[in-house]
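Visitor: Right, I'll just put the structure down here and ask away after.
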Amino acid sequence: MPPSDSTGAVRERANWLIHVLYIHQDYDECLKKIEEQLKEYNGLCEYPIYVKALIKRQRGEIQDSLQLFQAATCLNPNNINNLKQVGRSLYLLGKHKAALDVYREAMRLNEEDWEVWHNQGLCHMYLKQHERAIDCFKQANSIQQHDATYMQLGKVYTLQEDFRTAIEVYLEALDFSPDNPEMLTTVGLLYLRLGENYRAFDFLGNSLTHDPKNPKTILAAGSIIQDHSDMDVALVKYRVAAVATPNSAQLWNNIGMCFFGKQRYVAAIACLKRALYLDPFEWIISYNLGLVHLNTGQYASAFHFFSSSINLKPDFPSSYMYLAITLSRLDDFENACSAYEKAIEMEDDHLFELNFAITLYNNDEIDMAREHFNRFEALYQKLDDETKNSDPDIAEQRQALSSLLS
């Protein structure tokens, strides 16, 4: 028979030891002590059950942890921590509506618990109830500010493609926590999506001063350096990232395009094929492989990769233009014209019109070539001087075709 224990003091005498073993991560020894306690007191020990549930969850046994947290709640229904953990386990099991019911129950015990509001926001976010999620995260921050809440609030705005508001949220968070490298990187990536590369690079560089080996930040900073044609510096950055994430498809894609920029085509193809092996459903890798093979005159391979890219992302017009160029090199004039028309239908781009005009001229369709060249001229004149001078090949082809058609 267990000793009489009306106050629970004797029953809780081993809680300190269970706590010490748990925080030292000596889980096996901790579980042994918990089992002793549960056996001695017929399972009526709240804290040992609670810690056992935490260990089970850390080991990935989410369903078991849920049952244990529910048992702890039955023993002490007025302990908000038990309810929060039940909600957390339901959330991890993907039962977001059930988790919300538990968090509402927890709010009856304490409406001013930021964690309850934060976790409700997470549930609403995964249920795609974005406005409710925003309200919950804002309420959590009004009670107590946390980086995690700012990150999730910004994520909701990003999911809504409201990038400016997302940036405002992260900038507010940086006032509260200015040295958070994850926050700095996220702001940098959002500026990158908005095409503000210089501001993006400022935030990414600041992030790297706090965490110089963060592969996500290095990849983003390297891509900006790469866009400015400084391939060697970008490759040095990527070398650091490759140590931490050797199996990153995005990383090998960027390394491949660095070698392409340096006209080292064999190395470029090797890196891009490694990227494709790591992530075969990433359209940009197939697109880049198409570009490299087109550049090296391997038109059948280029056709294969551009077709694959279009299947994965059918709404990217440049893929159709390069597919059209490839088909024209393979002497399939009819399908090349169809691909050009598809690209032009999706976007008015001077480059599409110029390449179509060249292909038409090469196939003796002079009147149609002149028509598309005139469209090219109309679009070209609308460009600013910097864009006009950015690619000397376009000016050269324009001059040559103009002479031939006149």
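Visitor: Among the residues that make up the range 211-227, is at least one of them open to solvent by 30 Å² or more (accessible area, probe 1.4 Å) and β-branched (Val, Ile, Thr)?
Guide: no
Visitor: Between a first residue in the range 106-135 that is under 19 Å from Asn78 (Cα atoms) and a second residue that is outside any helix (DSSP H, G or I) and open to solvent by 60 Å² or more (accessible area, probe 1.4 Å), which pairs have beta carbons less than 6 Å apart while being 6 or more apart in sequence or on different chains?
Guide: Short answer, once both residue conditions are applied: Trp114/Gln144.
Visitor: Sticking with this structure for a sec: Hey, which of the helices (runs of 4 or more DSSP H) in the range 287-406, taking only ones fully inside, have at least 2 residues that are surrounded by 15 or more Cβ atoms within 10 Å (Cβ to Cβ) and without any contact (Cβ under 8 Å) to a residue 60 or more places away in the chain?
Guide: Hits in the range 287-406: 299-312, 317-329, 333-346, 350-362, 366-381, 392-405.
Visitor: Consider the range 24-58. How many of its residues are touching a residue at least 24 places away in the same chain (Cβ under 8 Å) and closer than 17 Å to Asn82 by Cα?
Guide: Looking only at that region, the number is 14.
Visitor: Taking into account only those residues within the range 210-242 that are in a helix (DSSP H, G or I) and of a type in the set (Asp, Glu), which is modelled with the lowest pLDDT?
Guide: Only one residue fits best here, namely Asp227.
Visitor: Give just the number: which of (1) under 22 Å from the mean Cα position of the chain (by Cα); (2) in a loop (DSSP other than H, G, I, E, B) does Leu153 not satisfy?
Guide: With (1) under 22 Å from the mean Cα position of the chain (by Cα); (2) in a loop (DSSP other than H, G, I, E, B) applied to Leu153, the lone miss is (2).
Visitor: Just one of Tyr150, Tyr91 is within 17 Å of Phe69 (Cβ to Cβ) and either loosely packed, with under 15 Cβ neighbours inside 10 Å or not aliphatic (A, V, I, L, M) (or both); which is it?
Guide: One residue alone meets the criteria, Tyr91.
Visitor: Can you name every one of the helices (runs of 4 or more DSSP H) wholly within the range 13-83 that holds 2 or more residues which are basic (Lys, Arg) and open to solvent by 30 Å² or more (accessible area, probe 1.4 Å)?
Guide: Numbers: elements: 15-23, 27-40, 46-58, 62-75.
Answer list for the range 13-83: 27-40, 46-58.
Visitor: Where residues in the range 153-209 are of a type in the set (Phe, Trp, Tyr) and either out of contact with any helix residue (DSSP H, G or I) (no Cβ under 9 Å at 6 or more places or on another chain) or farther than 23 Å from Trp114 by Cα (or both), which of them is least open to solvent (accessible area, probe 1.4 Å)?
Guide: Of everything passing the filter in the range 153-209, Tyr191 is least open to solvent (accessible area, probe 1.4 Å).
Visitor: Looking at (1) closer than 23 Å to Gly60 by Cα; (2) part of a helix (DSSP H, G or I), which is the only condition Gly94 fails?
Guide: Only one criterion in (1) closer than 23 Å to Gly60 by Cα; (2) part of a helix (DSSP H, G or I) is unmet by Gly94, namely (2).
The values are calculated or read from the model by the stated rules, or taken from the named source; none is laboratory data. Computed from a predicted model, the values in this text were never measured in an experiment. So basically every Cβ, Gly included, is an ideal-geometry build from the backbone, and we count neighbours across all protein chains shown. Just so you know, the surface numbers come from the protein's heavy atoms only, side chains and all, with ligands and any DNA or RNA stripped out. Shrake-Rupley method; radii C 1.70, N 1.55, O 1.52, S 1.80 Å.
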